[in-house]
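Since the structure comes first, as structure tokens, the remarks are kept for the end.
Throughout, read-outs are computed from the coordinates displayed, never taken from laboratory work. Owing to the predicted nature of the structure, the values given are computational and were not obtained by experimental measurement. Here the Cβ positions follow ideal geometry from the backbone for every residue, glycine too, while neighbour counts run over all protein chains shown.
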Amino acid sequence: MNSTTKAGLFLLFLLLVYIAAGMFNLRLDFTSDKRYTLSEGTKEVLVGLEDPLTVKAYFSEGLNAEFENHRREVLNLLQEYRELAGGNVEIEVINPSESEELANSAQEAGIPPFQTGSQGRDKLELQVAYFGMVLEYADQKEVIQVLQPNQPIEYPITKAIKKIAFPNKPVVGLLSGYGSPSIKSIPQANQEVLINYQLQEVSLNSDSTSIPLANCAVLAVINPTDSMSAADIKAIDSYYENGGKVFVAYSKAALNQGGQGMPTIEARNHALETWLSQKGIGFESNVITDAMAGEIMIPQGFFQIPMRFHYFPISERFAQHPITADLKGMIFQFIAPVNYSGQGVFTPLILSSQQSGKEPLPVYINLDRQWTEGDFKENGLVMAAALEEGEKRLVVVGNGDFFLNGEGQQQQQINPDNVNFFVNSLDWLAGNTSLVELRGKGYTSVPIKKLEESQVRLYRYANFLLPILLLLGYRVMRYQAASRKRNKWKEMVL
Amino acid sequence: MDKIWIIAKRELKTFFDSQIAYIMLTLFLGLTGFFTWIMISDVFSSGQASLIPFFNVAYWSLFFFIPAITMKMFAEEKRSGTLELLLTKAVSDWQVVLGKFLSVLMLIAIALSLSIPYYISITYLGDGVDHGTIWCGYLALMLMSAAYAAIGIWTSSLSNNQITAFLLALVIGILFHLMFGMVAGELSGLPSDVFYQLSTYNHFSSMVRGVIDTRDIAYFVALCLGALVLTEAALTKRHEA
């Protein structure tokens, strides 16, 4: 056998090895949050499946490399879903780009087409693509219209399974009346809550037609502004004392626009505070300020310019707790510190930054104020906390509208982690944490720390020059060593 | 193994005795450093504490530098007649091929290790940097470089002319680096899948995300072994002729 034949046979052998590696592939996920591996929450959901679940994946083939990798990743994950479900998941992969008939079937199933770029022979070509899936369980159906690359994959799939496969959901009661916001004003949170729960408005009035408090897995009390009678408070207390789970978001520090005058942040009092104080929880008559804060737009002539507004603190400091698992950052508009003086297990969940402050209420807002480092001498003020007393559980936040979108024209998008905090709290209170770790999964942002311009320059040029200088340094050392050697030889010869 | 190691060390010393290693490494570090830290899609403009900008630049710069390093491996020895001298010694063709391959790998490892200051800076710049992803990125660069080094050594064994060897390595490299991915995009069904599997970028980008898949490892190892086997076959054919 000559060398060419041997080489040919060996290459054939390599091809077979490569095909075998594809058939019996092993995958190791080295990402810090294991974002390409199914989590415990998903496993819990899959183990609970009683009937077969059908997944019809409408994935176009022959798209750009990004989508091809994404396709491979989603199919790998679906394979894991199938294995973990012990045969209760059936997967059908359809390529709608193959024929018009398949494209029509994708659209009829609720998967919309979209355009994506792909590098052709001499130019960037736009292709019509489909990348969604339909999940069917018993007579229920859920459509995931598009699974974009670089976006969470596992959460939307598990969420959809949970939604259709577990119809008997516990009730979360949203206290209605007393100036509290309605379900309509929290569409973002509502969408997430509905996966695990039925969200219903409940009344404390015994004559009302709403479901009794005792039937609620969790009672959410969101920023009541109108007065509550002693009987109302007693109803909440009796629910809680009987092992109830309560979520309270309350704005102790509230903005008063002040008509023509200067806007102020004022302290308000409500009967709810009296009830909370009986449990050892209090709100300070202060408003938290923070060097790390959101911005407001200030009119300057024809323009609006952004200005950092230190009464809108941003927090990135969270407790190691199921509620705050995987949260990256939350923003509040006027928040009062929360404190505790009881015997229960009190866990501060959200803390202000190391450069924060607090100002006694009322505070007159002066947009021209020059803030200094001296204004931010506090560290780790408690913005939200969890309390456990036996079976009883309570989550308290020092701001009542942090996850509200508002209604009608005033509706606005809320930071996703603000919503996640609310939904995670409900999950923890209800003892249903299977989706908590999944919500933050897939967000891979590791932002660069804030640096002075001079520091940025130092990083830029040090990193650019240092490796080259190291190499040239080695060159000089080597040259000197060679010179020494040469001189030694010369001396020996002479 | 000793003989392979001796050949590898001799080759590496030759790189550093001539100016090739310094020129190549300076160009590589200059280019990657410039595009990672100073200009265009650099770390600061992305706002993320991640080495992805470096991996993207290194992916392209190594593609050009490796053929430039490997072009002389056999071509120059054949031209000057030192290859015959080497092959008459008590070393097998395989030992010569593997020794030279190992020396290129060591040079690339040195080049990549000189980028460790980038890694240290990134660790300081962000809280919770994903170290697993970064190490997978380095592994992907190393495997891709090994594959191109093997191809470069093979093309060098086919010609007496360094430039021919360089251009041939570049042309073959372009097929894997660019063309197969583009062809996969133009086709559908099984042919698309086959070309997709042949594309270096698809395997490289999969690993850079922080996932090690046996298919990606098998791809790069198969490319290396395939090219090295062809190199050995080319040398043996020379004896047979």
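Projecting the Cα positions of B:G226, B:G47, B:G33 onto the charge dipole of the range B:2-240 (unit charges on Cβ atoms of Lys, Arg, Asp and Glu, taken about the Cα centre) puts B:G226 furthest along the positive direction. Of the chymotrypsin sites (Phe, Trp or Tyr not before Pro) found in the range A:1-73, those in coil by DSSP whose Cβ has at most 15 other Cβ atoms within 10 Å are A:F24. Between the range B:140-199 and the range A:252-327, the C-alpha centres lie 58 angstrom from each other.
Checking every one of the trypsin sites (Lys or Arg not before Pro) in the range A:229-259 against DSSP loop status and a limit of 14 other Cβ atoms within 10 Å picks out no site at all. Each of A:F422, A:Q410, A:M383 was scored by the projection of its Cα onto the charge dipole of the protein assembly as shown, and the greatest displacement toward the positive side belongs to A:M383; charges sit on the C-beta of Lys, Arg, Asp and Glu.
Consider all pairwise Cα distances in the range B:14-131 and report the whole-number % of them above 25 Å. In whole percent, the share of Cα-Cα pairs in the range B:14-131 beyond 25 Å is 38. The sum of -39500 (n - 2.57) across all DSSP H runs of n ≥ 4, divided by the residue count of the protein assembly as shown, sets its helix-only mean residue ellipticity at 222 nm to -15500 deg cm²/dmol.
Sites listed here are trypsin sites (Lys or Arg not before Pro) in the range A:98-181 whose DSSP assignment is loop and whose Cβ has at most 14 other Cβ atoms within 10 Å: A:R121, A:K123.
Each Lys and Arg adds +1 at its Cβ and each Asp and Glu adds -1 at its Cβ; summed about the Cα centre, the range A:392-494 shows a dipole of about 1440 debye.
Which number comes out as Rg/Rh for the range A:117-240 once both Rg and the Kirkwood Rh are worked out on C-alpha atoms? Across the range A:117-240, the Cα-based Rg/Rh ratio is 1.20. Cα centroids of the range A:1-53 and the range B:55-108: 32 Å apart.
Here the range A:176-439 was treated as a single set of alpha-carbon atoms; its pair distances binned every 10 Å from 0 give 7, 30, 37, 20, 6, 1 percent.
Residues of chain A were split at every exposed loop site, defined as GluC sites (Glu not before Pro) in a DSSP loop with at most 14 other C-beta atoms within 10 angstrom, and the longest piece left, sites excluded, is A:99-390.
Nearest 5 percent is fine: what portion of the DSSP beta bridges confined to the protein assembly as shown is antiparallel?
Percent antiparallel among DSSP bridges in the protein assembly as shown is about 70.
Take every Cα pair under 8 Å in the range A:176-439 that's 6+ residues apart, average their separations, divide by the length, and report that relative contact order as a whole percent. Relative contact order of the range A:176-439: 23 percent.
Taking all Cα-Cα distances within the range A:452-494, those exceeding 12 Å account for 69%. Convex hull volume of the Cα atoms of the range B:6-72, normalised per residue: 89 Å³. For chain B, the pair-distance distribution built from all alpha carbon pairs, in bins 10 Å wide starting at 0, is 8, 30, 33, 21, 7, 1, 0 percent. Each of B:A90, A:G282, B:M144 was scored by the projection of its Cα onto the charge dipole of the protein assembly as shown, and the greatest displacement toward the positive side belongs to B:A90; charges sit on the C-beta of Lys, Arg, Asp and Glu. The mean count of C-beta atoms from other chains within 10 Å of the C-beta of residues in A:455-464, rounded to a whole number, is 6. Its residue count N sets the reference 2.2 N^0.38 Å, and the alpha-carbon radius of gyration of the protein assembly as shown equals 1.20 times that reference. With the convex hull drawn around the C-alpha atoms of the range A:15-165, the volume per residue stands at 140 Å³.
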